[in-house]
Structure formats: structure tokens, C-alpha cells
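**Q** Mind looking over this structure? Questions follow.
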Amino acid sequence: MHYPELDSPFDGIHLVDRPWFPYLCTEVEHWEWETQGDQHYNFWVCLGGEGYLSTLGQSFRLKPGMFFIFSPNQKISAAHTSGERITRFSAHFIPLSGATVLDRVKNFPVLGGEVQSLNIMKRQIDMIMRLAFRRKDEMLLNQHMYQLMTDTCSDGNTSTDVLLDPHVSEAIRIMRNDPATVESMDALAKQLNWSRSHFDRVFKQQVGQAPKQFLLNCKMIEARRYLESSSLRIGEIANALGYRDIYFFSRQFKHFFGQAPLAYRRSLQQD
């Protein structure tokens, strides 16, 4: 992992817009994010939830305390996988050297770092957001945001378990994009040219849950999407997700969300 040399030539920032508030902007549970890239840099921190993020041909585990600094025009995709909702803090900025705008900064982008103390970072973010809400003291806001980035990118903020193995990344892609195509974990492991035991061990170590559980989470997230945004019948949704037994599908959905699929759809119509 590469960290920027913040002493030279990068010694300040100009915020392009107000930092995204980390609590009010908490995303929905089945959050997905994809961008073709902005024209400026983006400092991005995961404060809650579990998921993964892919960029520049690599995939990273998202978990509280992970941070990135994305370069201009960098393409990014990310998704929530389990647990509480993804909560993130981000700030779009332009790096400065004195009053000079820098088009490039050595060792940017920063990918897959992890802060040493999430609580300290949250306190710094709270201070930044108080300044942002006041809509004055722009220079002070920029200074505090720059300080947060320099603290975050210090030498101690390294992590060894956030960059996903390419095999694990491919397994995630398959299970997220089309979970119905996964006939069994044995078949998926074989497709990746791994033994089942090795696949189970490495996937759980890097993702935080067994691949079988991850696949079930993906199916339930997709099921809820279908119920919220399509007119497909319950049996059609079950079939689209690879279930041969509609009743088994309904039981799993109720176990996850506390309501059977039909009851969940009716509750949406009442809101």
C-alpha cells in the first residue's frame, strides 16, 4: 500500500464542496456505488458496515476504519454485503502547494488503508462537520480537512487484510452479479481452480463470513430489490434467484427480514 508524501509538494487543499455528512448520508442497506470518476480527488472513509470496493483492477474489503484517496477520473464500484448499513464520510478536494493547484500528487491514489483509531477519526470528523455547518471559516475548514488526511495517511495506518485475493474478488463478483448461477460452493471453487477447503478458508478470512452465507446474503438483497422495484410474482423471484422451492425461499426471506415476501411487498404499498 502506498501513502502520499504529504510534506512535499502537497501542503494544503481546497474543498470542492461541503464534506458529506457521515450520519445523515447513511446509505440504504442494499447500497451500491459506481462512478466514472470525478474531476477532483476524493477522500473516502468507511465508518460502518461491511462490503467491498473495486477500482483499478483490484478489490478491497470495506469495513469500519478503511480509507481511500481517489484520483481524478478514477472509476470506482462498491457494494454493501452484510451487517449494519454502510456509513461513509467523504470530501472532494483539490491539492495545493501554497497557492498553486497541483494536477498530480506523488503516490496518489491511496488504496486500502486502515486507520489506527476509528474513535479519534470520528472526533476529527465531528469537528469538521461543525465547521461545515457554520458555512464560514472556509480557510479553517480546509486546514482541518487537510490535517485529517495527513493524520490518516501517517506511516502507522497500514493494513494487511483489506486487499482481496483476485480469486475471492471474482467469487464476490459472480455471487453479487448473478447469484442464481452458483449451483454449489464446490462448483464455484472448482471454477476458481481452488479446492473447496482452501476457498472456504481464504474467503472467510478476507470477507469475514463463509462463502455460503455470503451467497445467501446476496440472494436476499436481490430478492428485496425485486420486491421493491418489479411486479414479478413471488415464485418468479424465487426462480430468478435459483430457488426450486418457493416455500424454502419464503422461509429464508422471513428469517432475514422478519416478514414473508408477500407481506413485505404489501407493507411497501401501505407506506
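**Q** On the given criteria, is Ser169 out of contact with any helix residue (DSSP H, G or I) (no Cβ under 8 Å at 6 or more places or on another chain), touching a residue at least 60 places away in the same chain (Cβ under 8 Å) and part of a helix (DSSP H, G or I)?
**A** Considered against the rule, which asks whether it is out of contact with any helix residue (DSSP H, G or I) (no Cβ under 8 Å at 6 or more places or on another chain), touching a residue at least 60 places away in the same chain (Cβ under 8 Å) and part of a helix (DSSP H, G or I), Ser169 comes out as yes.
**Q** Please enumerate the residues belonging to the stretch 212-232 that are of a type in the set (D, E, K, R) and either buried (at least 18 other Cβ atoms within 10 Å of the Cβ) or in contact with a Leu (Cβ under 9 Å, 6 or more places away or on another chain) (or both).
**A** Once the filter is applied, which keeps residues that are of a type in the set (D, E, K, R) and either buried (at least 18 other Cβ atoms within 10 Å of the Cβ) or in contact with a Leu (Cβ under 9 Å, 6 or more places away or on another chain) (or both), the stretch 212-232 yields Lys219, Glu222, Arg224, Glu228.
**Q** Report, ordered by the first and then the second residue, all pairs with beta carbons closer than 8 Å, sequence separation of six or more or different chains, a first member in the stretch 30-49 that is at positive phi, and a second member that is crowded, with 19+ Cβ neighbours inside 10 Å and in a strand (DSSP E or B).
**A** These pairs meet every condition: Gly37/Phe70; Gly37/Ile76; Gly49/Leu62; Gly49/His80; Gly49/Ile86.
**Q** On to the next question. From (1) under 27 Å from Arg244 (Cα atoms); (2) within 21 Å of the chain's Cα centre (by Cα); (3) crowded, with 18+ Cβ neighbours inside 10 Å, pick out the condition that doesn't hold for Thr152.
**A** Thr152 satisfies every listed condition except (1).
**Q** Just one of the numbered conditions (1) within 20 Å of Asp17 (Cα to Cα); (2) of a type in the set (A, V, I, L, M, F, W, C); (3) surrounded by fewer than 21 Cβ atoms within 10 Å (Cβ to Cβ) is not true of Ile120; which one?
**A** (1)
**Q** What is the residue count in the stretch 95-131 for residues that are in contact with a Phe, Trp or Tyr (Cβ under 8 Å, 6 or more places away or on another chain) and farther than 19 Å from Asp11 by Cα?
**A** Qualifying residue count for the region: 7.
**Q** Right, something else. Within the stretch 66-102, track down each residue that is farther than 19 Å from Arg176 by Cβ and either of a type in the set (Phe, Trp, Tyr) or free of Cβ contacts under 8 Å to residues at least 60 places away in the same chain (or both).
**A** Phe67, Phe68, Phe70, Ser71, Pro72, Asn73, Gln74, Phe89, Phe93, Ala99, Thr100
**Q** Does Val105 count as in contact with a strand residue (DSSP E or B) (Cβ under 9 Å, 6 or more places away or on another chain), in contact (Cβ under 8 Å) with a residue 12 or more places away in the chain and surrounded by 21 or more Cβ atoms within 10 Å (Cβ to Cβ)?
**A** Spelling it out, it is not the case that Val105 is in contact with a strand residue (DSSP E or B) (Cβ under 9 Å, 6 or more places away or on another chain), in contact (Cβ under 8 Å) with a residue 12 or more places away in the chain and surrounded by 21 or more Cβ atoms within 10 Å (Cβ to Cβ).
**Q** A further question on this structure: With respect to Ser267, is the statement that it is free of Cβ contacts under 8 Å to residues at least 40 places away in the same chain and outside any helix (DSSP H, G or I) true?
**A** So Ser267 does not fit the description; no.
**Q** Counting only residues that are in contact with a Leu (Cβ under 7 Å, 6 or more places away or on another chain), crowded, with 17+ Cβ neighbours inside 10 Å and part of a loop (DSSP other than H, G, I, E, B), which one in the stretch 1-57 is modelled with the highest pLDDT?
**A** Phe10
**Q** Now for a different question. How many residues does the stretch 231-259 contain that are under 21 Å from Ala79 (Cα atoms) and either touching a Ser or Thr at 6+ places or on another chain (Cβ under 6 Å) or of a type in the set (Gly, Ala, Ser) (or both)?
**A** 1
**Q** Could you list, in sequence order, all residues of the stretch 100-145 that are among the charged types (D, E, K, R) and either in a helix (DSSP H, G or I) or not assigned by TED's automatic domain parsing to the domain that holds Asn42 (or both)?
**A** Hits for the stretch 100-145 are Lys122, Arg123, Asp126, Arg130, Arg134, Glu138.
**Q** Just checking, which of Gln209, Gln205, Gln143, Gln147 is surrounded by fewer than 19 Cβ atoms within 10 Å (Cβ to Cβ), under 23 Å from Pro64 (Cβ atoms), over 23 Å from the mean Cα position of the chain (by Cα) and not aliphatic (A, V, I, L, M)?
**A** The conditions single out Gln147.
The values are calculated or read from the model by the stated rules, or taken from the named source; none is laboratory data. Please read all numbers here as calculations on a predicted model, not as lab measurements. Don't worry about glycine lacking a Cβ; one is built from the backbone with ideal geometry, like all the others, and counts go over all protein chains shown.
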